Each structure stands twice: as structure tokens, then as C-alpha cells.
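Data first, discussion second: the structure below is written as C-alpha cells.
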Amino acid sequence: MGPLSSQLGPESWLRQVLGDQGQTRLPYNNDAKFAVRQHLLDLVSEFPTLVLKQQQYTHTNGSTVQLLMADGTLPMYYQGVKYNIPVSIWLPEAYPRQQPIMYVVPTSDMIIKPQHSFVDPSGMVFSPYLRNWIYGRSNLVDMAQDTSMQFGHDPPLFSKPPNWAPPAQPSSTSQHPDTFLAHNPIHRRSCSNVRPTSLPTSAKLGVKNNLQELFRKSAIAELTKRLQGSLARANDAATADMDKLFEQQAELTRRERDITRGVESIQAERHALEGCVLEMSGKAAALGKWLVENEKKLVSGEVDADTAILPADVLSKQALEGQAEDLALEDTLYSLDKALQNNSLTPELYIKQVRALCGKQFMVRALGRKVANRQDQLRRAYHNAPTAAGSLRRDSVPGPSHVQMPQGDSWTSVGILSNPLTQGR
């Protein structure tokens, strides 16, 4: 059977020939037909210059069998110029477990390069990809691409020189199987229907270009390209790692600042607490001393209520007097309210007395407010006073040895008295 019909596409034609169960059925296993079909479709899709056919193949032992093949040309790039290499790719009976059989098919004006690295005199190709064929991983597309690249490194065909005569071949096929393949019309047929671009002559290749040097340069270029790609990927990975490290460094720096501020805050709080502990210890000692001195007086009745609490300074005295006067005015106003309720006082007289007492109470509370503000200023000066040598000493400013006394209904921040227990400080 020749090439596929023009009315059928590759997929339909393969479905037809692989599904044939008659006398012309192909020798492929049923479980391998799907892989055969898919590999051939991928091959002709990637290389449109190949045509699918069903042909009779002759083995080296003389037996013949109908096999599928792809016939046409593969591109080869040599010194920047594209050439078309005529090839035929056969799929043996055990494909894809067995590697395909590939031949270079020179036209009448071409010859196969003598002592080629992977093409024998009969045109059979045994490239590294074919020699290392792996079932389940290898396929026709990768094989064709690899072979095309290998052809570019070492071209298998040359233009036939003038007056060229083929070397003598032994007549016995049993002595040299390649001779049988070389004279097999299936493999050495004319490819006049596929004419590749003229290839360089052997003279030009031998004189102008050293194939080994060309291969070395190509290998160096390929290795350089791969190395550059690897370095680029490594550089991208290193850049990504560095970006992550910079982000981590910024986060650690921020956390370091937060921790430093936290430590400073804790240290300041510790110093403040230590000062409070010292102050409370001093006050506790003074209170203990006062209790020891006055317990006996309390039992014997020698404690004078009028001298138990004394103002420590002029401001404390003013606060105490103002508070006492304010409380007295509060009591007077309360008594007037009761008298009015009991009809002991006329409303006109009640209003007159309340107006007079409230005016006086206002002045007393205003004075108490001024005294409280002044005491607050002195208290802040005491806490903020420096203790270095030659500077203001804290014991020269009235200390916070004050207690807050209850006031009238709205006066709650005046009447600050000194604690008599700390007057000796």
C-alpha cells in the first residue's frame, strides 16, 4: 500500500490501517496500536515534510513484512544554512518496545559520508538516541529532533564529486549484512520526488572546514548556552533568596527596635518602682517609730486631738483653715434648709442668708483652689528636682508628704495637708 489517500487525513488513515483485521493486518500488538498511532501523528505534525506510508520491509534474513513508515526529509542546519536530508523511518513489529529503524536515503547525486560516526554505508542510522531507546519515555518526535541536531554536527551526505565511482562491494550477503541493505531497492531507491537543497561537496568540507573543529565549536556553543541557562536560573534563585533574606533582616531590625524600646521602658519602670520601694520603706519606718512613741500616750490619754495633725507650712495651714470654713458654711446652709422646711424662717430671709453664705463660700473655695494649685506645683518640682552635685536637692523642696482631706460637695482637690509623721524628714 502506498502513501495515505488524499481524501483521508493522517488520523483517519491510521485508524483505518491499524483497525484492519484481514489478511493485510499490520503485525503490531493491539495494546501498542494506540502508542503507534499517537507517535506517528505527533511526528508528522512536528515535521510536515514526512509522509506516512504502509510498505513492505525486508529484514536481513530475507523475510518480508508490511510495516508503517514515515518517508520524506528532515531539516539539518549546517553553518547557518538549512539542508533537507531524505530519510525513511520504519516502525518494527515490536514498536514501541523496540526502537524504530531509520535510514538515510541519498538521491542519485549524493553519497553517504565514509566512516560516518552513526550512519553506516547502507544508510542505516544508529544515533545515540536510538541506541539508548527507553520504552515508555522515548518517542519519534524526540528521536527526529535529536537526529536532526546530530546531522548538523556531522552531515551524513555529500554531493557526489565528478567522476565518482562507488567502491566494490562483496557479492555474498551472508558475509556482510550491510551489503544486502545497500543493494535492497527498498532502502536504496531513488528519491527524485524529494529533492533536498544541494549539500556541500567533500572537497569543500575537506579543505575549508575541519569537521572535528566544527563539532568542537558546536559542542562548546551548546555547553555555553546550557551553562548560561543554568547560571541564569541559579542567579534568579539566589536573587529570590536574597530578597527573602532582606525582608527577614528588615523584620528582625524592626523587632530589635521594639525590643530595645520595651527593655528601656521596663528599666525605667524598674527604677521608678525601686524609688517607690525606698520611699515606702522610709514611710513605713517613720510610721513604726510614730506608733511606738504614741501607743503609750494613747493608752494614758495624753494625745491632744488639736495637735495630732498640724499643718507643715503656710500653704497647708491656709488649706486647713479654708477647708474648715467651707465645711462650717456647708453646715450653716444645711441648718437654713431645715429651718425653712420647719417654717422657722421666712423665704425672704432664707434667700438673703443663702446668698450671703454662698458668696462667702465661693471666695473660700477659690482661695482653696489657688492653694491646691500651688501645692501641686511644689510637688512636681520635688519629683523633677535633680540630685547631682551642685544642683537643687530634693530635700530643699516640700515633699509629697501630704494627705487629701474630704471637702464639700464640689471641692475635691484642695485642703492638702502635710503628714505629721514625716515632718522630721
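Tabulated values for the structure
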read-out: Residues located in segment 324-370, provided they are farther than 30 Å from residue 310 by Cα and either outside any helix (DSSP H, G or I) or among the basic types (Lys, Arg) (or both); value: 338, 342, 343, 344, 345, 346, 352, 355
read-out: Meets criteria (in a helix (DSSP H, G or I), at pLDDT 50 or above and in contact with a strand residue (DSSP E or B) (Cβ under 6 Å, 6 or more places away or on another chain)) for residue 316; value: yes
read-out: Hits in segment 309-365 (condition: under 30 Å from residue 290 (Cβ atoms) and free of Cβ contacts under 8 Å to residues at least 12 places away in the same chain); value: 314, 317, 321, 324, 328
read-out: Subset of segment 11-42 (residues that are free of Cβ contacts under 8 Å to residues at least 60 places away in the same chain, assigned to a helix (DSSP H, G or I) and charged (D, E, K, R)); value: 11, 15, 31, 33, 37
read-out: Condition met for residue 348 (over 60 Å from the mean Cα position of the chain (by Cα), buried (at least 16 other Cβ atoms within 10 Å of the Cβ), on the phi < 0 side of the Ramachandran plot and at pLDDT 85 or above); value: no
read-out: Restricting segment 20-44 to residues that are of a type in the set (S, T, N, Q) and surrounded by 12 or more Cβ atoms within 10 Å (Cβ to Cβ), the residue that is nearest to residue 138 (Cα to Cα); value: 38
read-out: Selection from segment 124-148 of residues that are touching a Ser or Thr at 6+ places or on another chain (Cβ under 9 Å) and of a type outside the set (Asp, Glu); value: 125, 127, 129, 130, 132, 141, 143, 147
read-out: Filtered residues of segment 16-55 (kept if over 14 Å from residue 144 (Cα atoms) and acidic (Asp, Glu)); value: 20, 31
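This table checks each residue for (1) at pLDDT 90 or above; (2) over 21 Å from residue 155 (Cα atoms); (3) assigned by TED's automatic domain parsing to the domain that holds residue 103; (4) crowded, with 19+ Cβ neighbours inside 10 Å.
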position	(1), (2), (3), (4)
50	yes, no, yes, yes
60	no, yes, yes, no
63	no, yes, yes, no
79	no, no, yes, no
84	yes, no, yes, no
91	yes, yes, yes, yes
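The values are calculated or read from the model by the stated rules, or taken from the named source; none is laboratory data. On a predicted model such as this, the values are computed, not experimentally measured, just so you know. Methodologically, a virtual Cβ is constructed for each residue, glycine included, from the backbone with ideal geometry; neighbour enumeration extends over all protein chains shown.
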